[in-house]
Amino acid sequence: MTEIHTPQTTAVGVVAYAKNDLRVAPVMVPSPAADQAVIAIAYGGICGSDLHYWIHGAAGESILRAPLLLGHEIVGTVAVAAADGPGPVAGTRVAVHPATPGPGDGARFPAERPNLSPGCTYLGSAARFPHTEGAFASRVVVDSRMLRALPPGLSLRTAALVEPASVAWHAVSRAGEVRGKRVLVVGSGPIGCLIVAVLRRAGAAEIIVTDMFDHPLATARECGATGVLHATDAEGIAAVDADLAFESSGSSRGLASAVRGTTRGGRVVMVGLLPSGEQPALISLAITRELELVGSFRFNDEIDEVITALSDGSLVVDAVITHEFPVDQALTAFETAKDSAVSGKVLISF
């Protein structure tokens, strides 16, 4: 393929400068190292962490200490291939695995689960300082090992869901066998709906979903939910009697709903990231029901399985994308993504 030359040293980016200070601004495109490639970004999906950096100036305990280029859900085309190594050639359409595992302070973690490595960094994260810059820009430089080539039949727009779908895939893997099971999914934002889609593909018999709003519940049905409940319907949720539950709302009330809606001896997978610090929880009920409460954090190599499943049509997720805005309307995109009553996954096009 012919190399796409990239003489520019700046690109158009979406930068969080501080709480309530989001700007479309020029960002530097550094010269790539030998093992890095330059990517022309096509789409970036707005994640909850991106919203938190904008609204609160922090995502959990990751606090903005300097302007941060946001974004880790990105797809695009290789503009300049890495000079060293077997990475994709120029012109290849790619998704990006945004994690870089690392030993950090040397704390122990299972070697087969690098997502738990104490020194793991993630694109667009303020967890460390200097911050790990993100990829909401027209051109970015990333390590070639992060790149995953996309099959010819998979559109870049659909592939923009590869990263969050991998989070959902990992969460479902943490549940164990789901085929034939009755499953409760608490919260039908983008991650909740993607969990529904993965569950449907995995053969769950019943998938009951809760949310505060009608629009995301309708999206959940499109993704494969067999039943929906409003989050305020405490009796209805308790009556689900699910074999497995997924908490994807990121709230203590959502976790309480998951515990109440899970049958004795069942398992609750906690996907939504609750605020830092102590949180109220129905621990006594979890104990007397012998529930298994299991955490789920990001993903590992599931991204490769997700790309295959999207390409062969066995994982159907297009309904999760509800809005698309050009980069010069990024603030409108973020405002839209903030309103979960009307939006699912909001994309920025570059």
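Assorted remarks:
- Taking each DSSP H run with n ≥ 4 as -39500 (n - 2.57) and averaging over every residue of the chain yields -7500 deg cm²/dmol at 222 nm.
- Remark: Glu278, Glu247, Glu206 ranked as Glu278, Glu206, Glu247, counting other beta-carbon atoms within 10 Å and listing the fewest first.
- Taking the fewest neighbouring Cβ atoms within 10 Å as the starting point, the ordered list for Ile39, Ile307 is Ile307, Ile39.
- Ranked by the mean number of other Cβ atoms within 10 Å per residue, highest first, peptides 189-197, 109-117 order as 189-197, 109-117.
- The reciprocal of the average 1/r between distinct C-alpha atoms defines the Kirkwood hydrodynamic radius, which for segment 168-295 equals 13.9 Å.
- Prolate/oblate/rounded label for segment 31-179 (Cα gyration tensor, a/c 1.5): rounded
- Listed options for Cα extents along the principal axes in Å are (i) 62, 42, 42; (ii) 71, 48, 39; (iii) 58, 45, 40. The value calculated from this structure is the one marked (i).
- Extension gain, Ala341 back to Arg108 (0.36 nm per residue minus Cα-Cα distance, nm): 79.8 nm
- Amide proton proximity set for Ile321, modelled H, under 5 Å, gap of 5+: Lys345
- Inter-label distance for Asp241 and Ser276, nm, one decimal - labels placed 7 Å from Cα along Cα-to-Cβ: 4.2 nm
- For Val240, no residue has an amide H sitting under 5 Å from its own, ignoring neighbours fewer than 5 places away on the same chain, with H placed 1.01 Å from N.
- Dipole of the chain, positive direction: furthest Cα of Val15, Leu255, Ser49, with charges on the beta-carbon: Leu255
Quick note: the coordinates plus some simple rules give every number you see, no bench work behind them. Computed from a prediction, not measured in an experiment: that's the story for all the values here. Note: ideal-geometry Cβ built from the backbone for every residue, glycine included; neighbour counts use all protein chains shown.
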